[in-house]
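To start, the structure itself, in C-alpha coordinates.
The values are calculated or read from the model by the stated rules, or taken from the named source; none is laboratory data. The structure displayed is predicted, hence computed values, not measured ones. So basically every Cβ, Gly included, is an ideal-geometry build from the backbone, and we count neighbours across all protein chains shown. Heads up: the accessible areas ignore ligands, DNA and RNA and are worked out on the full protein's heavy atoms, side chains in. Shrake-Rupley method; radii C 1.70, N 1.55, O 1.52, S 1.80 Å.
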Amino acid sequence: MKENVLVTRGLTKRYGHFVALQPTDFAVPKRQIYGLVGKNGAGKTTLLRMISGQTTPTMGEIELFGQTGEAALNKARRRTGAMIEAPSFFPYLTADQNLEYYRIQRGVAGKECVRELLEEVGLTEAGKKKFKDFSLGMKQRLGLALALMNHPDLLLLDEPVNGLDPMGIVEFRNLILRLNKEKNITIVISSHILSEMANLATCYGFIDHGVMLEQVSALELNARCRRYMELRVDNVEKAAAILEQKLACTEYEVLPGQMIHLYQYLEEPSRVSTLLIEEGVQLSSLEIKGANLEDYFVQLVGGESRYA
(Lines give C-alpha, C1' and ligand atoms only; values in the text may rest on other atoms or scores of the structure.)
Protein backbone atom coordinates (compact mmCIF):
# COMPACT_ATOMS: atom_id res chain seq x y z
CA MET A 1 0.00 0.00 0.00
CA LYS A 2 1.37 3.38 -1.05
CA GLU A 3 2.09 5.98 1.61
CA ASN A 4 0.24 9.27 1.13
CA VAL A 5 2.04 12.53 1.90
CA LEU A 6 -1.15 14.55 1.50
CA VAL A 7 -4.79 13.69 2.25
CA THR A 8 -7.86 15.91 2.38
CA ARG A 9 -11.24 14.91 3.77
CA GLY A 10 -14.32 16.88 2.83
CA LEU A 11 -12.22 19.95 2.07
CA THR A 12 -14.56 22.79 1.09
CA LYS A 13 -14.23 26.46 0.21
CA ARG A 14 -17.08 28.94 -0.05
CA TYR A 15 -17.01 32.64 -0.85
CA GLY A 16 -20.42 33.84 0.28
CA HIS A 17 -22.97 31.85 -1.70
CA PHE A 18 -20.38 30.74 -4.26
CA VAL A 19 -18.86 27.31 -3.66
CA ALA A 20 -15.35 27.35 -5.15
CA LEU A 21 -14.59 23.81 -4.01
CA GLN A 22 -17.17 21.18 -3.15
CA PRO A 23 -16.34 18.70 -0.31
CA THR A 24 -13.20 17.03 -1.64
CA ASP A 25 -11.40 13.85 -0.65
CA PHE A 26 -7.94 14.00 -2.18
CA ALA A 27 -4.87 11.79 -1.71
CA VAL A 28 -1.35 12.19 -3.10
CA PRO A 29 0.97 9.15 -2.88
CA LYS A 30 4.59 9.67 -1.88
CA ARG A 31 7.15 10.29 -4.66
CA GLN A 32 4.49 10.59 -7.36
CA ILE A 33 3.78 13.38 -9.84
CA TYR A 34 0.11 14.11 -9.31
CA GLY A 35 -1.57 15.84 -12.22
CA LEU A 36 -4.48 18.02 -11.12
CA VAL A 37 -6.46 18.39 -14.34
CA GLY A 38 -9.20 20.92 -14.98
CA LYS A 39 -10.09 23.90 -17.08
CA ASN A 40 -9.56 27.46 -15.84
CA GLY A 41 -11.83 28.20 -12.88
CA ALA A 42 -12.37 24.53 -12.04
CA GLY A 43 -11.07 24.89 -8.47
CA LYS A 44 -7.44 23.81 -8.89
CA THR A 45 -5.88 26.99 -7.50
CA THR A 46 -8.34 27.11 -4.62
CA LEU A 47 -7.40 23.57 -3.60
CA LEU A 48 -3.66 24.25 -3.79
CA ARG A 49 -3.97 27.52 -1.87
CA MET A 50 -5.73 25.75 1.00
CA ILE A 51 -3.11 22.99 1.10
CA SER A 52 -0.28 25.53 1.16
CA GLY A 53 -1.97 27.58 3.89
CA GLN A 54 -2.61 30.66 1.74
CA THR A 55 -6.39 30.26 2.08
CA THR A 56 -8.42 28.96 5.04
CA PRO A 57 -10.87 26.12 4.29
CA THR A 58 -14.55 26.67 5.04
CA MET A 59 -14.88 23.05 6.12
CA GLY A 60 -12.93 19.81 6.01
CA GLU A 61 -9.54 18.51 7.05
CA ILE A 62 -6.03 18.53 5.60
CA GLU A 63 -3.50 15.89 6.60
CA LEU A 64 0.07 16.67 5.58
CA PHE A 65 2.87 14.19 6.28
CA GLY A 66 0.52 12.52 8.74
CA GLN A 67 -0.14 15.77 10.63
CA THR A 68 -3.50 17.48 11.20
CA GLY A 69 -4.58 20.48 13.24
CA GLU A 70 -3.48 24.07 12.68
CA ALA A 71 -0.22 24.03 14.69
CA ALA A 72 0.96 20.66 13.38
CA LEU A 73 -0.03 21.58 9.81
CA ASN A 74 1.94 24.83 9.90
CA LYS A 75 5.00 22.86 11.02
CA ALA A 76 4.47 20.22 8.31
CA ARG A 77 4.17 22.96 5.69
CA ARG A 78 7.85 23.75 6.25
CA ARG A 79 8.47 20.58 4.24
CA THR A 80 6.39 21.98 1.37
CA GLY A 81 7.33 24.34 -1.45
CA ALA A 82 4.71 26.13 -3.53
CA MET A 83 4.55 28.14 -6.73
CA ILE A 84 0.95 29.29 -6.87
CA GLU A 85 0.09 32.12 -9.26
CA ALA A 86 2.87 34.56 -10.18
CA PRO A 87 5.71 34.77 -7.61
CA SER A 88 6.60 38.30 -6.46
CA PHE A 89 10.12 39.36 -7.32
CA PHE A 90 11.83 42.75 -7.38
CA PRO A 91 11.99 43.88 -11.04
CA TYR A 92 15.33 45.70 -10.75
CA LEU A 93 17.18 42.93 -8.92
CA THR A 94 18.99 40.00 -10.51
CA ALA A 95 18.07 36.36 -9.96
CA ASP A 96 20.66 35.83 -7.23
CA GLN A 97 19.78 39.16 -5.55
CA ASN A 98 16.11 38.21 -5.43
CA LEU A 99 16.86 34.79 -3.99
CA GLU A 100 19.31 36.26 -1.47
CA TYR A 101 16.57 38.62 -0.26
CA TYR A 102 14.19 35.71 0.32
CA ARG A 103 16.96 33.59 1.89
CA ILE A 104 17.55 36.27 4.53
CA GLN A 105 13.83 36.90 5.01
CA ARG A 106 13.16 33.20 5.59
CA GLY A 107 16.19 32.67 7.78
CA VAL A 108 17.77 30.04 5.54
CA ALA A 109 21.37 29.46 6.54
CA GLY A 110 24.25 29.49 4.06
CA LYS A 111 24.65 31.89 1.14
CA GLU A 112 25.79 28.98 -1.05
CA CYS A 113 22.18 27.78 -1.30
CA VAL A 114 21.42 30.63 -3.74
CA ARG A 115 24.08 29.42 -6.18
CA GLU A 116 22.90 25.82 -5.79
CA LEU A 117 19.30 26.79 -6.49
CA LEU A 118 20.24 28.73 -9.61
CA GLU A 119 22.20 25.71 -10.84
CA GLU A 120 19.25 23.43 -10.04
CA VAL A 121 16.85 25.40 -12.24
CA GLY A 122 19.33 26.35 -14.98
CA LEU A 123 19.66 30.07 -14.25
CA THR A 124 23.40 30.37 -13.62
CA GLU A 125 23.83 32.18 -16.94
CA ALA A 126 21.35 34.91 -16.01
CA GLY A 127 24.23 36.91 -14.54
CA LYS A 128 23.42 40.59 -14.00
CA LYS A 129 20.23 40.55 -16.03
CA LYS A 130 17.41 42.22 -14.13
CA PHE A 131 14.24 40.27 -13.39
CA LYS A 132 12.18 42.75 -15.45
CA ASP A 133 14.16 41.64 -18.52
CA PHE A 134 13.63 37.91 -17.95
CA SER A 135 11.68 35.79 -20.40
CA LEU A 136 8.58 34.06 -19.04
CA GLY A 137 10.49 30.79 -18.89
CA MET A 138 13.26 32.39 -16.80
CA LYS A 139 10.67 33.91 -14.46
CA GLN A 140 9.04 30.51 -13.98
CA ARG A 141 12.39 28.87 -13.25
CA LEU A 142 13.21 31.55 -10.68
CA GLY A 143 9.81 30.96 -9.09
CA LEU A 144 10.62 27.27 -8.92
CA ALA A 145 13.99 28.03 -7.33
CA LEU A 146 12.21 30.00 -4.61
CA ALA A 147 9.79 27.11 -4.04
CA LEU A 148 12.79 24.78 -3.63
CA MET A 149 14.63 27.00 -1.15
CA ASN A 150 13.60 25.01 1.93
CA HIS A 151 14.44 21.64 0.29
CA PRO A 152 10.80 20.50 0.24
CA ASP A 153 9.52 16.93 0.23
CA LEU A 154 6.29 18.13 -1.43
CA LEU A 155 6.09 20.66 -4.25
CA LEU A 156 2.85 22.39 -5.26
CA LEU A 157 2.88 23.93 -8.75
CA ASP A 158 -0.09 25.80 -10.16
CA GLU A 159 -0.15 26.04 -13.97
CA PRO A 160 3.67 26.36 -14.22
CA VAL A 161 3.86 25.90 -18.00
CA ASN A 162 0.97 28.23 -18.84
CA GLY A 163 2.15 30.72 -21.48
CA LEU A 164 5.52 29.09 -22.11
CA ASP A 165 6.69 28.45 -25.66
CA PRO A 166 7.18 24.79 -26.74
CA MET A 167 10.90 24.80 -25.85
CA GLY A 168 10.18 26.36 -22.46
CA ILE A 169 7.57 23.67 -21.76
CA VAL A 170 10.03 20.90 -22.61
CA GLU A 171 12.75 22.42 -20.39
CA PHE A 172 10.36 22.86 -17.47
CA ARG A 173 9.03 19.31 -17.92
CA ASN A 174 12.52 17.83 -17.83
CA LEU A 175 13.30 19.83 -14.70
CA ILE A 176 10.16 18.54 -12.95
CA LEU A 177 10.93 14.95 -13.91
CA ARG A 178 14.49 15.28 -12.62
CA LEU A 179 13.37 16.74 -9.28
CA ASN A 180 10.97 13.85 -8.86
CA LYS A 181 13.38 11.08 -9.84
CA GLU A 182 16.66 12.38 -8.42
CA LYS A 183 15.44 14.32 -5.38
CA ASN A 184 12.45 12.05 -4.62
CA ILE A 185 10.19 15.11 -4.37
CA THR A 186 6.46 14.44 -4.47
CA ILE A 187 4.91 16.93 -6.90
CA VAL A 188 1.35 18.16 -7.37
CA ILE A 189 1.10 20.05 -10.64
CA SER A 190 -2.10 21.61 -11.95
CA SER A 191 -2.73 22.38 -15.59
CA HIS A 192 -5.37 22.72 -18.27
CA ILE A 193 -2.77 21.78 -20.94
CA LEU A 194 -3.79 18.14 -21.01
CA SER A 195 -1.29 16.94 -23.60
CA GLU A 196 1.56 18.12 -21.37
CA MET A 197 0.13 16.44 -18.28
CA ALA A 198 0.25 13.14 -20.15
CA ASN A 199 4.04 13.53 -20.37
CA LEU A 200 4.45 14.14 -16.65
CA ALA A 201 1.85 12.67 -14.34
CA THR A 202 1.99 9.27 -12.66
CA CYS A 203 -1.52 9.78 -11.22
CA TYR A 204 -4.37 12.17 -11.90
CA GLY A 205 -7.22 14.03 -10.26
CA PHE A 206 -9.89 15.41 -12.59
CA ILE A 207 -11.70 18.46 -11.24
CA ASP A 208 -14.55 20.47 -12.75
CA HIS A 209 -16.81 23.19 -11.31
CA GLY A 210 -15.27 22.64 -7.88
CA VAL A 211 -15.97 18.90 -7.90
CA MET A 212 -13.28 16.20 -7.83
CA LEU A 213 -14.72 13.89 -10.45
CA GLU A 214 -12.18 11.09 -10.39
CA GLN A 215 -8.72 10.10 -9.17
CA VAL A 216 -6.83 7.49 -11.13
CA SER A 217 -3.27 6.24 -11.68
CA ALA A 218 -1.54 6.80 -15.01
CA LEU A 219 -1.49 3.02 -15.59
CA GLU A 220 -5.26 2.80 -15.10
CA LEU A 221 -5.83 5.82 -17.31
CA ASN A 222 -3.60 4.48 -20.06
CA ALA A 223 -5.56 1.23 -20.03
CA ARG A 224 -8.82 3.16 -20.37
CA CYS A 225 -7.46 5.39 -23.13
CA ARG A 226 -5.59 2.66 -25.00
CA ARG A 227 -6.27 2.65 -28.73
CA TYR A 228 -7.69 -0.49 -30.27
CA MET A 229 -9.27 -1.89 -33.41
CA GLU A 230 -12.90 -2.83 -32.86
CA LEU A 231 -13.98 -5.72 -35.08
CA ARG A 232 -17.56 -6.95 -35.41
CA VAL A 233 -17.70 -10.39 -36.99
CA ASP A 234 -20.11 -13.29 -37.44
CA ASN A 235 -17.87 -15.81 -35.67
CA VAL A 236 -15.58 -14.49 -32.91
CA GLU A 237 -14.01 -17.88 -32.14
CA LYS A 238 -12.95 -18.39 -35.75
CA ALA A 239 -11.77 -14.78 -36.09
CA ALA A 240 -9.69 -15.02 -32.91
CA ALA A 241 -8.07 -18.25 -34.11
CA ILE A 242 -7.16 -16.61 -37.43
CA LEU A 243 -5.66 -13.59 -35.68
CA GLU A 244 -3.52 -15.87 -33.51
CA GLN A 245 -2.45 -18.32 -36.22
CA LYS A 246 -2.00 -16.00 -39.19
CA LEU A 247 -0.88 -12.74 -37.53
CA ALA A 248 0.57 -14.05 -34.23
CA CYS A 249 -1.77 -11.74 -32.31
CA THR A 250 -1.72 -12.05 -28.54
CA GLU A 251 -3.14 -8.67 -27.48
CA TYR A 252 -6.87 -8.88 -28.07
CA GLU A 253 -10.14 -9.28 -26.18
CA VAL A 254 -13.24 -11.21 -27.17
CA LEU A 255 -16.32 -9.29 -26.01
CA PRO A 256 -20.08 -9.87 -26.06
CA GLY A 257 -21.96 -8.95 -29.21
CA GLN A 258 -19.61 -10.78 -31.60
CA MET A 259 -16.95 -8.15 -31.00
CA ILE A 260 -13.16 -8.27 -30.75
CA HIS A 261 -10.86 -5.51 -29.50
CA LEU A 262 -7.46 -5.89 -31.14
CA TYR A 263 -4.53 -3.89 -29.73
CA GLN A 264 -2.08 -4.76 -32.51
CA TYR A 265 -1.87 -3.86 -36.21
CA LEU A 266 -3.54 -0.51 -35.57
CA GLU A 267 -1.65 0.97 -38.52
CA GLU A 268 -2.62 -1.91 -40.80
CA PRO A 269 -6.40 -2.27 -40.58
CA SER A 270 -6.70 -3.27 -44.24
CA ARG A 271 -4.33 -6.21 -43.66
CA VAL A 272 -6.52 -7.46 -40.82
CA SER A 273 -9.81 -7.01 -42.69
CA THR A 274 -8.50 -8.61 -45.89
CA LEU A 275 -7.20 -11.66 -44.03
CA LEU A 276 -10.44 -12.24 -42.12
CA ILE A 277 -12.57 -11.95 -45.26
CA GLU A 278 -10.25 -14.26 -47.23
CA GLU A 279 -10.53 -16.83 -44.43
CA GLY A 280 -14.32 -16.78 -44.61
CA VAL A 281 -15.15 -14.49 -41.68
CA GLN A 282 -17.94 -12.01 -42.30
CA LEU A 283 -16.73 -8.61 -41.10
CA SER A 284 -19.59 -6.19 -40.46
CA SER A 285 -17.51 -3.29 -39.13
CA LEU A 286 -13.96 -2.20 -38.29
CA GLU A 287 -13.15 0.97 -36.34
CA ILE A 288 -10.08 2.39 -34.63
CA LYS A 289 -11.13 3.62 -31.20
CA GLY A 290 -9.63 4.90 -27.98
CA ALA A 291 -9.16 8.29 -26.35
CA ASN A 292 -6.31 10.61 -25.50
CA LEU A 293 -6.26 12.49 -22.19
CA GLU A 294 -8.22 15.42 -23.59
CA ASP A 295 -10.92 13.14 -25.02
CA TYR A 296 -11.15 11.33 -21.70
CA PHE A 297 -11.54 14.57 -19.75
CA VAL A 298 -14.18 15.89 -22.15
CA GLN A 299 -16.19 12.70 -21.70
CA LEU A 300 -15.75 12.86 -17.94
CA VAL A 301 -17.08 16.40 -17.56
CA GLY A 302 -20.02 15.69 -19.82
CA GLY A 303 -19.18 16.92 -23.28
CA GLU A 304 -17.01 19.26 -25.29
CA SER A 305 -19.23 22.29 -24.75
CA ARG A 306 -18.35 22.35 -21.02
CA TYR A 307 -14.63 22.09 -21.73
CA ALA A 308 -14.47 24.84 -24.36
Original post:
Restricting to the range 31-42, what's the tally of residues that are touching a Ser or Thr at 6+ places or on another chain (Cβ under 8 Å) and not aliphatic (A, V, I, L, M)?
Top reply: 5
**OP:** Filter the range 64-114 down to residues that are of a type in the set (G, A, S) and over 25 Å from the mean Cα position of the chain (by Cα), then give me how many there are.
**Re:** 7
**OP:** Would you check if G60 is of a type outside the set (A, V, I, L, M) and either closer than 17 Å to D153 by Cα or touching an Asp or Glu at 6+ places or on another chain (Cβ under 6 Å) (or both)?
**Re:** no
Original post:
Is there a residue in the range 156-168 that is touching a strand residue (DSSP E or B) at 6+ places or on another chain (Cβ under 8 Å) and either open to solvent by 50 Å² or more (accessible area, probe 1.4 Å) or of a type in the set (F, W, Y) (or both)?
Top reply: yes
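Collect the residues in the range 260-272 that are surrounded by fewer than 16 Cβ atoms within 10 Å (Cβ to Cβ) and either touching a Leu at 6+ places or on another chain (Cβ under 7 Å) or of a type outside the set (D, E, K, R) (or both), keeping them in residue-number order.
First, the residues of the range 260-272 that are surrounded by fewer than 16 Cβ atoms within 10 Å (Cβ to Cβ): 263, 266-271.
Once the filter is applied, which keeps residues that are surrounded by fewer than 16 Cβ atoms within 10 Å (Cβ to Cβ) and either touching a Leu at 6+ places or on another chain (Cβ under 7 Å) or of a type outside the set (D, E, K, R) (or both), the range 260-272 yields Y263, L266, P269, S270.
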Original post:
Is at least one residue of the range 180-200 farther than 14 Å from G81 by Cβ, open to solvent by 20 Å² or more (accessible area, probe 1.4 Å), in contact with a Pro (Cβ under 8 Å, 6 or more places away or on another chain) and among the basic types (K, R)?
Top reply: no
Original post:
Which one of F26, F90 is touching a helix residue (DSSP H, G or I) at 6+ places or on another chain (Cβ under 9 Å), crowded, with 21+ Cβ neighbours inside 10 Å and aromatic (F, W, Y)?
Top reply: F26
Subject >> Evaluation of Y265 against (1) in contact with a Phe, Trp or Tyr (Cβ under 7 Å, 6 or more places away or on another chain); (2) without any contact (Cβ under 8 Å) to a residue 60 or more places away in the chain (one fails), failing number >> reply: (1)
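Which residue, of R173, R78, is within 20 Å of S52 (Cβ to Cβ) and open to solvent by 40 Å² or more (accessible area, probe 1.4 Å)?
On the way: R173 fails: within 20 Å of S52 (Cβ to Cβ).
Checking each option against the conditions leaves just R78.
Could you tell me how many of the residues in the range 35-60 are of a type outside the set (D, E, K, R) and within 18 Å of R77 (Cα to Cα)? Even if it seems obvious, please write down each step before you answer.
Kept after step one, since they are of a type outside the set (D, E, K, R), are these residues of the range 35-60: 35-38, 40-43, 45-48, 50-60.
Applying the additional criterion that residues be within 18 Å of R77 (Cα to Cα) yields 45-48, 50-57, 60.
The qualifying residues number 13.
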Subject >> Members of the range 223-260 that are touching a helix residue (DSSP H, G or I) at 6+ places or on another chain (Cβ under 8 Å) and part of a helix (DSSP H, G or I) >> reply: R224, C225, A239, I242, L243, K246, L247
Subject >> Conditions (1) surrounded by 15 or more Cβ atoms within 10 Å (Cβ to Cβ); (2) at pLDDT 95 or above; (3) in a strand (DSSP E or B); number of the one not met by I51 >> reply: (3)
